[in-house]
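Trainee: My structure is below; once you've seen it, I'll send some questions.
What follows draws every value from the coordinates through simple rules; no lab data is involved. Owing to the predicted nature of the structure, the values given are computational and were not obtained by experimental measurement.
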Amino acid sequence: MNTEEAEQLPEEALGLRLVRAFLTLPPEQRQHVLQIVEDMSRGPDRHEEGAEAAPR
């Protein structure tokens, strides 16, 4: 699927395709994807589990 095709899909359909693609991955690759998402969700100031955000 290219960018143009993805833009034409409703959000629900795109979400379902992403879930389906994730579920077709082998378990090791799923774990890798989950680790990347967790790292991204922490943001730039929180790289380690339990790390405090930098004071302002």
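Trainee: What is the gain in length, in nm to one decimal, between Gln8 and His32 on full extension, counting 0.36 nm per residue of separation less the C-alpha to C-alpha distance? Write out the running numbers ahead of the final one.
Mentor: Details: separation 24, 0.36 × 24 = 8.64 nm, distance 2.87 nm.
Additional length available on full extension: 5.8 nm.
Trainee: For Arg20 and Asp39 in one chain, what is 0.36 nm times their gap in residues minus the Cα-Cα distance, to one decimal in nm? Display every interim value, and only then the final one.
Mentor: Details: separation 19, 0.36 × 19 = 6.84 nm, distance 2.20 nm.
Separation in residues times 0.36 nm, less the Cα-Cα distance, equals 4.6 nm.
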